[in-house]
Amino acid sequence: MKRITTFLLFLLLWTLSGAQTPKYIFYFIGDGMGINQVQLTNAYNAAAGLPALNFSAFPVQTFVATQSASGLVTDSAAAGTALSTGTKTTNYYMGADPDGAPLRNLSERARQHGKGVGIVTSTSVNHATPGAFFAHTTSRRDFKTISTQMLACQVDFLGGAGILREKDDTLGRDYWLNRAKEAGWEVCLGKDTFRTRPGKRMLCLPEKDGKELSYAIDAAGGELRLQDLTRAAIDHLYANYRRKGFFLMVEGGLIDYLCHSNDPGGAVHEINDMAQSVELALQFLAAHPHETLIIVTADHETGGMAYAYDRRTGRPEWLSGQTCSMRALSGRLAALKKESGENTPWIQVKDLLRESLGLWESVQPTAAKEKQLKQLYKESFLDNGDSREADLYTTAERLARYAVSCLGWGCGVKWLDNNHTGSPVGLYVKGAGQAAFAACRDNTDIPNTLVRVAGLQ
Ligand SMILES: [Zn+2]
């Protein structure tokens with residue numbers, strides 16, 4: 001009897017400590033998803049009557065530093081390398097140390113232990129973050145090398161929005177798709193074609209060539225989404241690796257794009273969109289509770305998002321007035337300008353800003369802000385000058401940028417600039433082996449802990 005009690009007590013402690021070895025590993029990376037972005041999403045969700053982000057209720061939560069070997073502020077390639085290999089490197093290096101020597105990544109470790117490997121992103125499959133899980137190069141812009149390494153790598157499922165190519169590329173997507181087929185990949189274009197195939201390596205992309213999926217806030221019904229790719233990856237990996245398990249990295253890559261554009265509503269919708277893929281992992285965990293581990297983190301913060309106190313503003317629910325991204329709003333303004341040019345009256349532009357952002361409904365721009373909006377309208381529509389400004393991924397009408405900043409002001413959201421910052425990011429962990437992650441303080445600690453906990457040495 002005493003022996004049984006001791007055994008049961010041990011079993012209870014073991015279960016509570018979460019010290020099981022994870023067989024199925026989910027690794028979510030919200031690109032550019034800082035702590036404030038997560039908090040704003042939860043504040044918006046609470047105000048809009050939506051559930052809190054699923055990962056913000058994970059039992060193990062801490063912060064990790066993100067600096068690279070280049071300095072306090074990392075880019076996605078160096079951060080992806082830290083998260084995939086446990087080693088800091090120089091910005092723009094991918095899967096290589098500061099001397100350029102290749103580093104062993106989690107995909108290769110998982111593969112060497114007989115596990116299936118999947119890599120999924122809402123950007124291109126050879127972009128910085130996914131690339132850090134299969135490539136070894138000193139330039140994230142060397143798309144030819146990265147794509148060649150991608151087709152040779154031992155990954156079972158690759159899903160994303162497209163294949164990035166050099167600026168002067170004349171080969172097109174088909175060249176790479178044909179090379180993929182020659183290398184033994186099963187190429188699936190469009191979500192209706194996604195299905196599990198025994199023993200095959202799958203390359204899953206949208207039907208149409210592109211660089212990234214539509215932003216969640218702009219996506220039309222029926223479009224390929226991150227969760228379609230995540231579901232297809234889980235199905236394929238589980239069908240093929242039921243015995244040994246799998247490692248699946250999923251990147252919410254467009255949170256970063258939207259934060260580069262200082263687009264608060266766009267970022268909130270994109271983070272909620274990634275959470276739908278986390279939901280699929282949670283469903284998997286419910287079916288395999290003692291063998292599944294889910295890690296959610298970010299590679300860095302983008303934009304320096306913060307909330308500033310203002311007794312008249314600071315209402316995150318006003319973001320619900322935003323019905324399209326800043327990029328899409330810029331497109332609508334450009335279309336209007338093309339249609340009626342200098343004959344476009346201010347009132348028509350004002351209506352468009354109201355429809356797209358809820359300005360003059362929830363958020364009342366101050367007189368000074370309205371004056372500036374009118375000035376930008378004049379420069380764009382009446383003077384017909386160059387009225388556009390570029391950030392890293394988006395060239396947009398200044399009027400669209402400023403109007404979105406007026407909405408942000410109403411919601412209490414401010415931005416430092418259009419680039420990455422050195423802020424720490426959140427780490428959220430749930431499942432088998434979770435307890436060990438509470439000690440993580442640096443982004444390199446995450447893969448190093450995972451290697452230990454999952455026995456991937
Ligand atoms: Zn970025």
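The values are calculated or read from the model by the stated rules, or taken from the named source; none is laboratory data. Just so you know, these numbers come straight off a predicted model, no measurement behind them. Here the Cβ positions follow ideal geometry from the backbone for every residue, glycine too, while neighbour counts run over all protein chains shown. For the accessible areas, the whole protein counts, side chains as well, though only heavy atoms, and no ligand, DNA or RNA atoms are used. Shrake-Rupley method; radii C 1.70, N 1.55, O 1.52, S 1.80 Å.
For segment 223-238, the Karplus equation 6.51 cos²θ - 1.76 cosθ + 1.60, evaluated at θ = phi - 60°, returns couplings of 6, 5, 10, 4, 5, 5, 5, 5, 4, 4, 5, 4, 4, 5, 5, 5 Hz by residue, with Gly and Pro reported as x.
Please give the contour-minus-distance gain from ASP174 to THR196: 0.36 nm per residue of separation, less the Cα-Cα distance, rounded to one decimal in nm. Present the calculation step by step, with values, prior to reporting the outcome.
Values: separation 22, 0.36 × 22 = 7.92 nm, distance 2.26 nm.
Contour length minus Cα-Cα distance gives 5.7 nm.
Measure nothing but the geometry: give the 0 to 90° angle between the long axis through the Cα atoms of 264-287 and the longest principal axis through the Cα atoms of the chain, rounded to 10°. Helix 264-287 sits at roughly 20 degrees to that axis. Applying both filters, DSSP loop and at most 15 other Cβ atoms within 10 Å, to the GluC sites (Glu not before Pro) of segment 194-235 gives GLU207, GLU223. Ligands, DNA and RNA left out, the 1.4 Å accessible surface of the chain is 52% carbon and sulfur atoms. Counting Cα-Cα pairs of segment 308-413 in 10 Å increments starting at 0 gives whole-percent bin shares of 15, 49, 30, 6, 0.
Could you work out the relative contact order of the chain, using alpha carbon pairs under 8 angstrom and six or more residues apart, expressed as a whole percent?
Numbers: 992 pairs, mean separation 124.6, N = 457.
Once divided by the residue count of the chain, the mean separation gives 27 percent.
Residues in segment 135-142 carry Karplus couplings, in order, of 9, 9, 7, 9, 9, 5, 8, 7 Hz; the curve used is 6.51 cos²θ - 1.76 cosθ + 1.60 with θ = phi - 60°, and Gly or Pro positions show x.
Where only protein heavy atoms count, and the probe is 1.4 Å, what is the accessible area per residue for segment 97-185 in Å²? Walk me through the numbers on the way to the answer.
On the way: 3360 Å² over 89 residues.
Counting only protein heavy atoms, the per-residue value for segment 97-185 is 38 Å².
Counting Lys and Arg as +1 and Asp and Glu as -1, each charge on the Cβ, what is the dipole of the chain about the Cα centre in debye, to the nearest 20? Before the final figure, lay out each step's value.
Details: 48 positive and 47 negative charges, 274 e Å.
Here the size comes out at about 1320 debye.
Among the trypsin sites (Lys or Arg not before Pro) within segment 241-335, those in coil by DSSP and having at most 14 neighbouring Cβ atoms inside 10 Å are ARG242, ARG243, LYS244, ARG311, ARG312.
Once you reduce segment 303-317 and segment 100-126 to the center of their Cα atoms, the two points are 39 Å from each other.
Looking at segment 318-402, the chymotrypsin sites (Phe, Trp or Tyr not before Pro) that sit in a DSSP loop and have at most 15 other Cβ atoms within 10 Å of their own Cβ are TRP360.
Quick check on packing: order 170-179, 107-116 by the mean number of other C-beta atoms within 10 Å, highest mean leading.
Most protected by this proxy first, the peptides run 107-116, 170-179.
Close amide H contacts of MET33 (hydrogens built in the peptide plane, cut-off under 5 Å, sequence separation of 5 or more or a different chain): ASP299, HIS300.
The 3J(HN,Hα) values that the Karplus relation (6.51, -1.76, 1.60; θ = phi - 60°) gives for segment 296-302 are, in residue order, 10, 8, 9, 8, 5, 8, 10 Hz. Gly and Pro appear as x.
Of the cross-linked pairs LYS378/LYS414; LYS211/LYS350; LYS211/LYS369; LYS167/LYS369; LYS144/LYS338; LYS244/LYS430, which ones have a Cα-Cα span greater than 27 Å in the structure shown? Beyond 27 Å between Cα atoms: LYS211/LYS350; LYS211/LYS369; LYS167/LYS369; LYS144/LYS338.
Considering only the other residues whose Cβ falls under 12 Å of the Cβ of CYS153, what net charge follows from Lys and Arg at +1 and Asp and Glu at -1?
Working: positive: ARG111, ARG201; negative: GLU108, ASP156.
Around CYS153, the surrounding residues sum to 0.
The heavy atoms of VAL413 offer some 10 square angstrom of accessible surface to a 1.4 angstrom probe. For segment 170-315, the relative contact order comes to 18 percent (Cα pairs under 8 Å, sequence separation of at least 6). Helix 445-454 versus the longest principal axis of the chain: what is the Cα-based angle in degrees, 0 to 90, to the nearest 10? In the chain, helix 445-454 runs at an angle near 30 degrees to the longest axis. For the peptides 142-153, 187-198, the ranking by packing is 142-153, 187-198, with the highest mean count of neighbouring Cβ atoms within 10 Å listed first. Of the peptides 319-326, 99-106, the ranking by mean beta-carbon count within 10 Å, highest at the top, reads 319-326, 99-106.
Between the helical axis of 2-17 and the longest alpha-carbon principal axis of the chain there is an angle of about 30 degrees.
Database remark: amide H of GLU186 closer than 5 angstrom to the amide H of ARG201, MET202, LEU203 (H placed geometrically; neighbours at sequence offset of 5 or more, or on other chains; Pro and chain starts carry no H). Between the amide H of TYR93 and those of ALA78, distances stay under 5 Å, these residues lying 5 or more places away or on another chain, with hydrogens modeled in the peptide plane.
Given +1 on the Cβ of Lys and Arg, -1 on the Cβ of Asp and Glu, and no further charges, what dipole in debye does segment 308-413 carry about its Cα centre, rounded to the nearest 20?
Numbers: 16 positive and 14 negative charges, 43 e Å.
Charge dipole, segment 308-413, about its Cα centre: 200 debye, nearest 20.
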